[in-house]
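Here's the structure we're looking at; comments come further down.
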Amino acid sequence: MAHDPITPLIACSACFSDHGLRLDAERLGLEETGVCPNCNTIDSKKLTKGVLLKLAYRFFVWGSLHRCEYGAAPRIQFNEHQKTSIGLSPWLVSDVKLFESLLSIGFFPYGPRLWMIGEVEPLKELQNRCTRKNIVNRILHDYPTRNVGPEHHFYRIRKEPSNPAKPSEYDSPPNSAIGKGRFDSTNFPVLYASPDLQVCMHECRVTAEDDLYVATLTPNTSLRLLDLSVLLRDEHGTEFESLDMAVHMLFLAGKHSYEITREIATAAYTSEFDGVIYPSYFSLLRLGVMPFETTYGISHRRISQYQEYEQEKSIPNLAIFGRPIEQSRLSLQCVNRLIVRRVDYDFHFGPV
């Protein structure tokens, strides 16, 4: 990263005692020669005020993120109006004092707005079997229909298929193996695929020992799909009443949400959809972005200038009902063996 000479350097990566914080500072810092104005170290990554603020946010706010059954919120926040009131590990005391001194900020326990931890009325109604149907009907009405035709292609990965070149190996699983995924249920097979091959690999939980094959699939005719991956932009009210927020949280939740998504799928099938487009559970991991970002407690999904960015956080997957290869709704264009050559983890740190 190039340094604007007008912006002063105020610290460096060597200023920190906490090893994780120091490594994060090295990743964010600038390649600048000269002496650190704070600790006089020469061979270190230099930090401006802007980079130091980014480091504080990444380590203390994102690094303290707590996931709930639905939603998530950081345990720590900071601003220039409060003094530090969080408990600190001994190895963080001097580092926090450095942030306080250079940025004039304090760190404090964060009490999130309750929508961030799942207090969203449509989401609560989805969890209640007595009220679920009304919200499912709203989803079918409010979310757009997308037609996906032969000009599109997407991928499906299989581990150790018995006959890798056989098209049926890449169709929906046999009846003995269904009922374990996000949309499939007993007697309701679903083919899962994605236009993003890396997301496919995440979804399949591949390992170095797996013998992997990937099929490239194309619709034979236009498929009518319910698109749940879009951000609903024209809602009225707050996050607490937001259907968009409810569906967003639903697809970032784990297996406890599958009962709800399966009911959405069967309702979509009854309404003559061929399947659904939905945001991958691994979207945020694929892109390396923080979930449920806010400004003054307001979701960025509700702020117009952030909505395009929020939409780009959603990587779409496809769930196609029935056995679309056997039913000639999908064609297998080719099959390739997939070789996992390298795995590279990206990460950062947070406080204890």
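The values are calculated or read from the model by the stated rules, or taken from the named source; none is laboratory data. This structure is a prediction, so every number in the text was calculated from the model and none was measured. Here Cβ is always computed from backbone atoms with ideal geometry, including for glycine, and neighbour counts include all displayed protein chains.
Kindly indicate whether any position in the stretch 107-115 is under 24 Å from Glu235 (Cα atoms), modelled with pLDDT of 95 or more, loosely packed, with under 13 Cβ neighbours inside 10 Å and of a type outside the set (Lys, Arg). No, the stretch 107-115 contains no residue that is under 24 Å from Glu235 (Cα atoms), modelled with pLDDT of 95 or more, loosely packed, with under 13 Cβ neighbours inside 10 Å and of a type outside the set (Lys, Arg). Can you tell me which residue among Asn137, Asn147 is surrounded by 12 or more Cβ atoms within 10 Å (Cβ to Cβ), polar (S, T, N, Q) and within 30 Å of Tyr170 (Cβ to Cβ)? Of the residues listed, the single one that is surrounded by 12 or more Cβ atoms within 10 Å (Cβ to Cβ), polar (S, T, N, Q) and within 30 Å of Tyr170 (Cβ to Cβ) is Asn147. Output the number of residues of the stretch 177-208 satisfying the condition of being modelled with pLDDT under 90 and of a type in the set (D, E, K, R). Adding up the residues that qualify gives 2.
In the set (1) surrounded by 15 or more Cβ atoms within 10 Å (Cβ to Cβ); (2) closer than 24 Å to Gly179 by Cβ; (3) more than 18 Å from the chain's Cα centre (by Cα), the condition left unmet by Tyr281 is number (3). Out of (1) in contact with an Asp or Glu (Cβ under 8 Å, 6 or more places away or on another chain); (2) of a type in the set (Val, Ile, Thr); (3) not assigned by TED's automatic domain parsing to the domain that holds Arg233, what's the single condition that is false for Ile117? Against the list (1) in contact with an Asp or Glu (Cβ under 8 Å, 6 or more places away or on another chain); (2) of a type in the set (Val, Ile, Thr); (3) not assigned by TED's automatic domain parsing to the domain that holds Arg233, Ile117 comes up short only on (1).
Name the single residue, out of those in the stretch 310-341 being of a type in the set (D, E, K, R) and over 22 Å from the mean Cα position of the chain (by Cα), that is farthest from Asn220 (Cα to Cα).
First pass over the stretch 310-341, keeping only residues of a type in the set (D, E, K, R): 310, 312-313, 323, 326, 329, 337, 341.
From the residues that got through so far, the ones that are over 22 Å from the mean Cα position of the chain (by Cα) too are 323, 326, 329, 337, 341.
Numbers: Arg323: 14, Glu326: 12, Arg329: 5, Arg337: 24, Arg341: 33 Å.
Looking at the filtered set, the residue picked out is Arg341.
Which of the strands (runs of 3 or more DSSP E) found entirely inside the stretch 97-203 contain at least 2 residues meeting this: closer than 22 Å to Glu259 by Cα?
Values: elements: 106-109, 145-148, 154-159, 190-193.
Strands (runs of 3 or more DSSP E) meeting the threshold: 190-193.
Within the stretch 295-352, the set of residues being in contact (Cβ under 8 Å) with a residue 12 or more places away in the chain, over 25 Å from Asp227 (Cβ atoms) and of a type in the set (S, T, N, Q) comprises Asn336 only.
Among the residues of the stretch 252-262, are any part of a strand (DSSP E or B) and under 15 Å from Tyr143 (Cα atoms)? No, the stretch 252-262 contains no residue that is part of a strand (DSSP E or B) and under 15 Å from Tyr143 (Cα atoms).
Scan the stretch 329-344 and tell me whether some residue there is part of a loop (DSSP other than H, G, I, E, B), of a type in the set (Ser, Thr, Tyr) and either surrounded by fewer than 21 Cβ atoms within 10 Å (Cβ to Cβ) or modelled with pLDDT under 95 (or both). Scanning the stretch 329-344 turns up no residue that is part of a loop (DSSP other than H, G, I, E, B), of a type in the set (Ser, Thr, Tyr) and either surrounded by fewer than 21 Cβ atoms within 10 Å (Cβ to Cβ) or modelled with pLDDT under 95 (or both). Out of all the residues in the stretch 204-245, which are surrounded by 16 or more Cβ atoms within 10 Å (Cβ to Cβ), out of contact with any helix residue (DSSP H, G or I) (no Cβ under 8 Å at 6 or more places or on another chain) and part of a loop (DSSP other than H, G, I, E, B)? Correct list: Cys204, Val206, Asp210, Ser229. Checking each residue of the stretch 292-303 against the condition of being modelled with pLDDT under 95, assigned to a loop (DSSP other than H, G, I, E, B) and crowded, with 18+ Cβ neighbours inside 10 Å gives at least one match.
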